[in-house]
Structures are given as structure tokens and as C-alpha cells.
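Asks: The structure is given below, and queries will be raised subsequently.
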Amino acid sequence: MGDTVLVQARDPGKLSMEIETALDEHRFSDSWKLFERHMQMEGFPRKSLLSKLLTSFAETLDAPWLEKAYSLVEQAIVESKQTLMDKEPLIYLSLSLAKCGLPVPASTILRKLIEMEQYPPANAWSAILAHMSLRTPSGAYLAAELILEIGYLFQDGRVDPRKKSNAPLIAMKPDTTSLNIALAGCLLAGTTRKAEQLLEMMPRLGVRVNACLLITMAQIYSRNGRREELKKLQRHVDEAPGLTSTQFRQFYDCLLSCHLKFGDLEAASDMVLKMLQKAKKARNFISMAELPSAGDGNKLLSKGKVSQESLHQKESDREVSQERLNDREYTNRVVSYQDFCRDRNFLQLHAEAKQVLEALLAKLQVQVELISTEHGILQPTEKIYVKLVKAFLEAGKIKELAAFLINSEKEDSPASNDDSALVHVINSCITLGWLDQAHDLVDEMRMAGVRAPSSIYSSLLKAYCTADRARDAGALLREARRAGIQLDSTSYEALMESRVLEKDTQGALHLFKEMKDEKLARGGHPKFEMLVKGCEENREAGLMTKLLREIREGQSMDSGVHDWNNVIHFFSKKRLMGDAEKALKKMRSLGLTPNAATFHSMVTGYAAVGGKYIEVTELWGEMKSIASATTSLKFDQELLDSVLYTFVRGGFFARANEVVDAMEKEKMFIDKYKYRALFLKYHKTLYKGKAPKFQTESQEKKREAALAFKKWLGLG
């Protein structure tokens, strides 16, 4: 091989033939060495050979060869040799990079194609974005950025579709599938404020909303606390044709979650009760349909039975299709460049994008926790009961909690009164030491005409005795007698021990005589004691275990913060920053601490107005102060990215460097391509020459900060 290279060193034509032969024989190491020799001799080879080299490396789906191919693209651009690269090989390389989890080079190629006005069609770039979103959070973030950049070209009818010369550009316009991919990726990556920017852009692009997009929108609004937007969507969801039970489940899970976020316990509990009522009616109908009947009625009821069987079939079909979907390995599926080129309209890529979208949406379906479906009927899960109970208890709404649980039991009766949700809640309160709340719930049960089991009275009475609350224990004993509840011997023993400790010997003897007269055997309530022991050992014990875990480990969210965040977001979106500032001031005066969503709305609002760099600097100072003092504010990628963008746009490079340091410290992804383009657009000639001989300390620091940022971008 070495002799061949030496012989051909004086003949570039023969060297090109040898490179082509090595590529045909998949001798990629040899082809790369030959290519490097060609670059030393003649520079880049002819267009067809360069395209073959790029596509051959791309076909391997091997990261090292893909990186070498991308380095050639970068070198060609630096040397202004873009004309040597056709659109199709670059799209193919970008797709392979995306499949291998390399979103930065994949997105850079797409951006360069747009810069060169070699517009990739939406069918092609949507598949690339789909693989980027599926693989990594940074890929999902870049996918959203790309759609925002591409969408900007088409907003408000900027491109005239009637002109034939605009046809390649029109083919690049984002469609429903591409937007759904980016939105689903943002949801999975947790960058839902970036996703909301895409939603705000959709009407300006004239994108049609389908059933999948409706549910994705609902999930974004729910995560961001946009309850009013969710309510507006509800009518569209209820009227939308072709929605599956899974999609209905996702939407109402979002709505229920949002009610909880805002502390609207009345709306949340009403939703749960309505679900239970509808589920009860549906179960009764199915039971009637399964009963044998005579005459024409048999035909009518058999239809109900068939529909139930068809529901079973549809659900099993969906499970099978889901298994098939999960079994597909999109990233390892190799499509040869020849097959890629035959599909001139990129229809196969569009179909692949839809398949990846299904995989993304399937991942989102798994995240639904508050609602389940059975035979297509929506039903609340234990998780929603746990969250509601915790919220009621924290709000001190004992009467409302008891009413909700009693009404829910009427619609969905437990096997026994001892196993009801209300009993589990009371037991949980006793275990946590919340004895007043437990007693209040027992009183509410009694007033509602629901008989509490003796185990509740017994365990609460013992807890009072342990807490040295003999008076409350005595009051509970009298209530139990009036209710006709027979306490066990261990309850009496606990009361007697309590009286002895208080030196009330007469009272202890009276209780002993009463226990003897009742002929109570020693025993107690082993079932309850086993339940509590199981909870303490963290074993699975149903609703009580989950409730205890949620109360001990779950985070409490101040609904007031969500309310004010929505107000600030509304004003910022409308660019009414004076009103937004007043709302933020009022929020602080109420003792509410702004969080990342609050500051994000303010910063993006200032950025939209323009020129408000001092205000953003003041906000950045407040953010750092809050973040260092409390845990209520945690910097996230979306917030810091919006702050960084504003500082770079305004030339505040000392502050920009601070934000970069904060992002790199937390290992957050930063889209350097975006900031490089922003810097070159607004500060291209900044500090290009030598430093002046005479400058103040402030000027020197500004210059050093700008040069440091420029170096970080790779422009220094």
C-alpha cells in the first residue's frame, strides 16, 4: 500500500481512483489515508468523489467515521468550498449523525444548508429532528431551536407561495408532524417553556392542529401551569373526532394535575367524583349487557357485549403495536445512499419521522399517573387520592376531605368499611401524630351517618394516651359508647395506665371494673397493627403506605406562586413590562419568592421589548441572591439560556461570562452556534484592533470580558 501511494503521489487522477476503489471495498482506513495525501497534493478532490467519501462514511453509522466526515464539511466551509458539496449527501450525513446521537454536528449541517440557500425539505429535516429528539435532551433542545429559526422565515406570510422561485423554500416550511416531534422532545427533556415558544409561533405559521398535537399542547400547558389555556382546549378535545381513550386519559390527567397545582381542591375533587359516577354507570351498563335476555332484547344486549369484546381487542391490538414499536431500533437501521436518493420526495424519511414520533408519544403516555382506563372508561388512581388527601390536610379542610372521601365511597364501595379510603386516611393521620385531624375526621364520619370501625377508636385512643392527652382520650371513650362501639381490652389497659400515671386510682379501678363487666378478652386489632408495622418497614400496604410516603417525602407547592406567574407571563407576553414589574413587586410583598418560571417570563419579555439590558442585569443579581440563599430557585437551562441571549445581544459580556460559568458548572448544554451567529451579527467588529494606549480600568475590563467570550465561542 505504501508503494502504491508513493507511485501515485505524482498522479492525482490515479490517487482519486484508488480512493474510490478503497471506498467500494469498504477499506475506510486506506481511503482516509489516501484522501489525506490528496489534500496535501491537490486539496479537495472533485465533487463526486467528495460526495462518495461523505456518504460512505455516513453509511457506517459509526461515530468515528461520522466525525471524520463532518470534519471535512467544516473544512470545506472554512475554505469556502461549499460548491463541492451537494444538498443530498449533506442531508444524508446529517441524518446519520442524528441517528448516532451527535445532535450538534447534525443540526450544524442543517443550519449551513439553510445559510447556503440549499433548503432541505420538511420531509427530510423532520426525520433528522426526530432522531435528535429521541436520543438526547440536548438534541431535543436543538430541534426546538431549529424549528424556531426555520419558522421565523415563514411567519406572517413572509414567503409568497405563488412565486415558483420560492418552491424550494416553501418545501422547508414546518408542518404538524415536525412541530409535534419537537414539542414531544421538549416534554421528555423537561424544556417546556421552550416548547411554549413553539406553540406561540404555530398560529403565525398556519399549522393545522390534529388530535396528537392537541394532547401535546395540553401536556405543555399543564407543566407550565397555564390552566386557562387548558380549559380553552377542553372543548376542542371533547369535540375532536378520533381521539382514543388513552388520549382522553392524558388530557384529563393534565387538567387534574393543573387543578392540584393551583390548589383548586374543589375542582379536582369534583373531577374525581364525576369520573367515578360515569365509571359506575358504564360498569352497570356492561353488567346489563352481559345478562341473558329473551327475544329482541337479546340482540340489543349482545351488541353491548360485542362492543365490550371489541374494546378488549382494540386494547390488545394497541399493546401489540406498542411492543412492535418499542422493538424497532431506529438508530441502527441502515438505509443505503442509493435507496436514499431514489426516494426523491423523501417520503420514506417522512414515514420514519412519524414512527419516531409514535415512540416519543408512547414515552409520554407512560408518565400519566392520576388517571387509568379500563374498557375505555376513565378512572382515578390511588395516586390522585393520595395527592388530594395531602392537599386537603395541608389546607386544613377536614370537613371537605371527609365529604369527598364519603362521596367517593358511595360511587366506588370498598369490600368492607374497615378497608375504606377514609379509614386509611385516619390511620395515616394517627401514624403521623396528627391526632386532632384524625379525631375531626372521625367526627365528620359520625355526623355523615357513617359508622367508623372500632379499630379507629382503639388506635386513636391509644395514641392520645401515649401523647399524655387523657382528657381527649376520655372524650373519645364517651363518643365510642354513644356510638355503640365496643373497644377492646388493650384500649382499656392503655386508659388505665394513663389514669395511674395521673394518680387517678379511682378512675383506673372504675375502668377495670367496666372491662371486667364487658367480659373483654385480650387481643386488640392485629390487622391494623400489621398494617402500621408494614408502613413503618416501607412494605407495600396500599393507600396508607402511599399517603405516608407522599406526606413525608412529597414537596408542597405554593399555589400563589403559580397564580402570580400566570399574571406576569400574561403581561410579559403582551410586552406590558410596566405591569409585569408591578405584578412582580406585589408578588414579593406577599412573601412569595419568584422561581425560574417567574424570571424566565420577565427576561423574555424584556428581550422582546428590546434595550432593557439594565433591567435584566438587576434581575440576574436578584436571581443569584435567591439561588445562594434558598432552594426555592434552581437555575435551569431555559432560564439561563434566555439571560445569556439578552446579555450577548446587548454586549454585556462580563455578565454573559458569569452565565456561561453557571451553565458549565451545572453541565448544561449551550448552543454555541446560536451565540456565534448572534455575536457576528451585532459585534463582529468589536475590539478587533489593538488595545488603545490610554483606557480606564472599566474599559479595560469590558475589553477583557468581550475577548474572553469571543475566545469561548472559538472566534478568538
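Asks: Working with all protein chains in place, sort 702, 14, 667 by solvent-accessible area computed with a 1.4 Å probe, largest first.
Replies: The most accessible residue leads, giving 667, 702, 14.
Asks: Residue 262: accessible area at probe 1.4 Å, nearest 10 Å²?
Replies: Using a 1.4 Å probe on the heavy atoms, I get roughly 20 Å².
Asks: Quick check of the Kirkwood formula: for the range 159-255, what is the inverse mean of 1/r over all pairs of different Cα atoms, in Å?
Replies: Mean inverse Cα-Cα distance, inverted, gives 14.4 Å.
Asks: Within the range 381-414, what residues put their amide N at less than 16 Å from the label point 7 Å along the Cα-to-Cβ vector of residue 286?
Replies: Only 381, 412-413 pass the distance filter.
Asks: Please tell me the relative contact order of the range 560-635 in percent, rounded to the nearest whole number, where contacts are Cα pairs under 8 Å and at least six residues apart.
Replies: With pairs under 8 Å counted, the relative contact order is 30 percent.
Asks: What is the spin-label model distance, in nm, from residue 175 to residue 75 if the labels are put 7 Å beyond Cα along the C-beta direction?
Replies: If labels sit at residue 175 and residue 75, their model points lie 3.8 nm apart.
Asks: Simple spin-label model, 7 Å along Cα-to-Cβ: residue 381 to residue 448 in nm?
Replies: In this crude label model, residue 381 to residue 448 measures out at 2.4 nm.
Asks: Right, here's the next one. What is the Cα coordinate range of the range 613-716 on the first, second and third principal axes, sorted by size from largest, in whole angstrom?
Replies: So the three principal-axis extents are 47, 30, 22 Å.
Asks: Then there's this: Sort 482, 193, 471, 649 from largest to smallest accessible area, using a 1.4 Å probe on the heavy atoms of the protein chains.
Replies: Output order, biggest surface exposure first: 471, 482, 649, 193.
Asks: For the residue pair residue 481 and residue 21, what label-to-label distance in nm results when each label sits 7 Å from Cα along the Cα-to-beta-carbon direction?
Replies: 11.0
Asks: Which FRET efficiency, nearest 0.05, do residue 239 and residue 270 yield, Cβ-Cβ r, R0 25 Å?
Replies: With R0 = 25 Å, the Cβ-Cβ based efficiency is 0.70.
Asks: Let me ask something additional. Could you pull out the pairs from 672/693; 232/363; 585/624 whose alpha carbons sit more than 21 Å apart here?
Replies: Among 672/693; 232/363; 585/624, the Cα-Cα distance tops 21 Å for 672/693; 232/363.
Asks: Relative contact order for the range 565-716: what percent, with Cα pairs under 8 Å and sequence separation of 6 or more?
Replies: Reported as a whole number, the value is 18 percent.
Asks: Right, next: On the first, second and third principal axes, largest extent first, how far apart are the outermost C-alpha atoms of the range 430-474 in Å?
Replies: Taking the Cα atoms of the range 430-474, the three principal extents are 30, 18, 17 Å.
Asks: Under 16 Å from a point 7 Å along the Cα-to-Cβ line of residue 573: which residues of the range 185-220 have their amide N that close?
Replies: 192-205, 217-220
Asks: Then there's this: Rounded, prolate or oblate for the range 616-670? Axes are the square roots of the Cα gyration tensor eigenvalues, ordered a ≥ b ≥ c, and the cut-off for rounded is a/c under 1.5.
Replies: It is oblate, given that a/c is not under 1.5 and a/b is not larger than b/c.
Asks: Non-local amide H neighbours of residue 159 (under 5 Å, H modeled in plane, Pro and chain starts lacking H): which ones?
Replies: Here nothing satisfies the definition.
Asks: Once a ≥ b ≥ c are taken as the square roots of the eigenvalues of the Cα gyration tensor of the range 204-264, is the result rounded (a/c under 1.5), prolate (a/b larger than b/c) or oblate (a/b not larger than b/c)?
Replies: Taking the square roots of the gyration eigenvalues as a ≥ b ≥ c, the range 204-264 is oblate.
Asks: Provide Rg over Rh for the range 229-268; use the alpha carbon set for both Rg and the Kirkwood Rh (inverse mean inverse pair distance).
Replies: Across the range 229-268, the Cα-based Rg/Rh ratio is 1.01.
Asks: Need one word for the range 550-665: rounded, prolate or oblate. Basis is the Cα gyration tensor (sqrt eigenvalues a ≥ b ≥ c); a/c below 1.5 gives rounded, then a/b vs b/c decides.
Replies: Because a/c hits 1.5 or more and a/b fails to exceed b/c, the range 550-665 counts as oblate.
Asks: Amide H of residue 371 versus every other amide H placed in the peptide plane: which residues, excluding those fewer than 5 positions away on the same chain, fall under 5 Å?
Replies: The answer is 381.
Asks: Just list whichever of 47/81; 688/710; 99/710; 194/681; 173/194 have alpha carbons separated by over 21 Å in the model shown.
Replies: In this structure, 99/710; 194/681 exceed 21 Å between Cα atoms.
Asks: Considering the Cα positions of the range 592-637, please state its Rg to one decimal place and its Dmax as a whole number of Å.
Replies: In order Rg, Dmax, the Cα atoms of the range 592-637 give 10.7, 31 Å.
Asks: Also: Where does each of 698, 628, 126 land when they are ordered by accessible area, with a 1.4 Å probe and the largest first?
Replies: The ordering from most to least exposed comes out as 628, 698, 126.
Asks: Based on Cα coordinates alone, diagonalise the gyration tensor for the range 32-189, multiply each eigenvalue by 5, take square roots, and list the semi-axes in whole Å, largest first.
Replies: Output for the range 32-189: semi-axes of 29, 20, 11 Å.
Asks: At what distance in angstrom do the alpha carbon centres of the range 189-222 and the range 233-260 lie from each other?
Replies: Each part's Cα centre sits 15 Å from the other's.
Asks: Let me ask something else about it. When you take every Cα atom in the range 9-85, what is the radius of gyration, and what is Dmax, the widest Cα pair distance, in Å?
Replies: 11.6, 34
Asks: If r is the Cβ-Cβ distance from residue 436 to residue 665 and R0 is 51 Å, what FRET efficiency results, to the nearest 0.05?
Replies: 0.65
Asks: From a point 7 Å beyond the Cα of residue 42 in the direction of its Cβ, which residues of the range 61-81 have a backbone N at a distance under 15 Å?
Replies: none
The values are calculated or read from the model by the stated rules, or taken from the named source; none is laboratory data. Remember, it's a predicted structure, so these values are computed and weren't measured experimentally. Positions of Cβ are backbone-derived with ideal geometry, glycine not excepted, and every protein chain shown enters the neighbour counts. For accessibility, only protein heavy atoms count, side chains too; no ligands or nucleic acids. Shrake-Rupley method; radii C 1.70, N 1.55, O 1.52, S 1.80 Å.
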